[in-house]
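All remarks here apply to the structure that follows.
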Amino acid sequence: MRDRNHFSGDIEKTTMSENAIIPTVLVLGSTGQIGGLITERLMNSTAVKVRITSRRKEEVERQKDLGKDIVYLDLDKPESIGKALAGVDRLFVLTGYTVAMLTQSKVLIDSAKKAGVGHIVHLGIFGEWDCTDPHFAWHQLIESYIKTSGIRWTNLHPNMFMENVLAFFAPKGGRFSTYWGKQRMGWVAGEDIANVAAKVLLDGPEKHHAKDYWMSTEVLDAFDISDILSEVLNKKIEGELKSHEDFKAVFTGGNIEVEDWYAEGAIEFTRQVSNGEMGYIGTIRNDVPFITGKPAITFKQWAVKHKGQLLSNM
Ligand SMILES: NC(=O)c1ccc[n+]([C@@H]2O[C@H](COP(=O)([O-])OP(=O)(O)OC[C@H]3O[C@@H](n4cnc5c(N)ncnc54)[C@H](OP(=O)(O)O)[C@@H]3O)[C@@H](O)[C@H]2O)c1
């Protein structure tokens with residue numbers, strides 16, 4: 001059954017033949033880590049039709065040639081959104097890593113309303129309602145806006161992605177560093193986030209409307225992680241406790257390009273975690289088994305799976 005936005009009045013107009021129509025799911029960020037994993041899972045199901053997007057026109061053409069339902073969509077070009085959303089029933093919203101995510105998400109949600117989308121699944125953060133970290137606050141503003149849109153919603157709240165250990169926090173020179181002093185951090189595997197998101201998108205709003213799902217599945221400090229990495233990689237990796245001041249160097253070193261607003265927010269995040277203002281970030285809140293029926297992936301299992309990549313990054 002299709003789950004069109006009830007504000008459009010489409011639910012009342014739904015006929016028996018429309019009931020048989022398979023819902024169309026649009027996945028934003030399908031060329032990225034989480035959106036890509038979600039797309040893989042949905043493509044394996046016949047319960048929904050999957051539409052993916054790219055802001056790169058050559059990628060759109062390449063995927064079209066492979067028979068994919070891919071549309072050009074650039075969140076910074078509002079004129080590209082209407083066509084992409086036409087006929088979409090369920091929408092996976094992923095924006096982030098720049099303050100532009102606020103405008104992008106607002107325009108997208110307004111457009112979803114116009115297009116009669118019936119369910120929004122938003123990828124957010126693991127935050128308390130009154131947290132002051134800028135990037136977290138941006139996500140919370142988006143969640144509030146989704147809730148007032150009248151479109152049925154599900155908010156996903158993952159803690160630190162394990163995949164960051166392949167990027168920002170990749171062990172180098174025999175050391176694994178964290179930037180929040182001796183505090184512990186909650187982690188979650190990208191595959192678990194994707195499994196939860198895909199299940200929610202497959203089941204739809206009847207089951208998951210007005211639900212918040214929390215994914216902080218294992219709590220570890222730098223030494224716990226370095227011990228696991230040493231065992232899995234069969235190499236001695238030392239844990240190292242750095243501070244939020246050291247995190248500044250990650251952005252000023254010239255290896256990582258992010259906008260200043262985001263960099264400042266990320267440094268503020270590590271400062272607040274270090275001094276205990278975001279103590280909840282080091283807690284377990286694991287909804288993964290309740291949605292997927294499977295235990296969450298442990299950091300050790302994740303490291304075994306990514307052993308080759310971890311070694312090649314060193
Ligand atoms: N990393 C963490 O530990 C963590 C923890 C909690 C929450 N999060 C949240 O996770 C999200 C990021 O997920 P991710 O790591 O899967 O992202 P990612 O791998 O960086 O991928 C970003 C995706 O967004 C697309 N995109 C970027 N700008 C766009 C635009 N203007 N229009 C349309 N598409 C655009 C990119 O497509 P292109 O191919 O065009 O670049 C790409 O597919 C953020 O919202 C972040 O706050 C992250």
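A few notes on this one:
- Cβ pairs under 7 Å, 6+ apart, first in region 179-193 and modelled with pLDDT under 95, second assigned to a loop (DSSP other than H, G, I, E, B) and surrounded by fewer than 24 Cβ atoms within 10 Å (Cβ to Cβ): G181/S243; K182/D221
- Condition met for F168 (open to solvent by 10 Å² or more (accessible area, probe 1.4 Å) and more than 25 Å from A84 (Cβ to Cβ)): yes
- Residues (of a type in the set (D, E, K, R) and assigned to a strand (DSSP E or B)) located in region 148-181: R152, K172, R175
- Residue count for region 1-28, restricted to those that are touching a helix residue (DSSP H, G or I) at 6+ places or on another chain (Cβ under 6 Å), more than 15 Å from P205 (Cβ to Cβ) and at pLDDT below 95: 0.
- Residue match in region 255-265 (condition: over 27 Å from V121 (Cα atoms) and open to solvent by less than 60 Å² (accessible area, probe 1.4 Å)): yes
- Note on region 230-252: among residues that are open to solvent by 50 Å² or more (accessible area, probe 1.4 Å) and in a loop (DSSP other than H, G, I, E, B), the one that is nearest to F168 (Cα to Cα) is K242.
- Among the residues making up region 80-98, those that are more than 10 Å from the ligand (Cβ to nearest atom), closer than 24 Å to N195 by Cα and either open to solvent by 50 Å² or more (accessible area, probe 1.4 Å) or part of a strand (DSSP E or B) (or both) are R90, L91, F92.
- Here V219 fits the description: open to solvent by less than 50 Å² (accessible area, probe 1.4 Å), in a strand (DSSP E or B) and in contact (Cβ under 8 Å) with a residue 40 or more places away in the chain.
- Top-ranked residue of region 117-145 - restricted to ones that are buried (at least 22 other Cβ atoms within 10 Å of the Cβ) and more than 16 Å from the chain's Cα centre (by Cα), ranked as farthest from the ligand (Cβ to nearest atom): G118
- Single residue of region 31-71 satisfying the filter (in a loop (DSSP other than H, G, I, E, B) and aliphatic (A, V, I, L, M)) that is farthest from the ligand (Cβ to nearest atom): A47
- Pair list, Cβ < 9 Å and 6+ apart or interchain, from region 83-100 residues that are small (G, A, S) to residues that are in a helix (DSSP H, G or I) and within 15 Å of the ligand (Cβ to nearest atom): A84/S111; G96/H135; G96/W138; G96/H139; G96/Y262
- Of all residues in region 105-147, those satisfying the criterion of being more than 29 Å from T270 (Cβ to Cβ) and part of a loop (DSSP other than H, G, I, E, B) are G116, V117, G118.
The values are calculated or read from the model by the stated rules, or taken from the named source; none is laboratory data. Because the structure is a prediction, the values reported are computed rather than measured. Virtual Cβ from ideal backbone geometry, glycine too; neighbours counted across all protein chains shown. Side chains included, ligands, DNA and RNA excluded: accessible areas come from the protein's heavy atoms. Shrake-Rupley method; radii C 1.70, N 1.55, O 1.52, S 1.80 Å.
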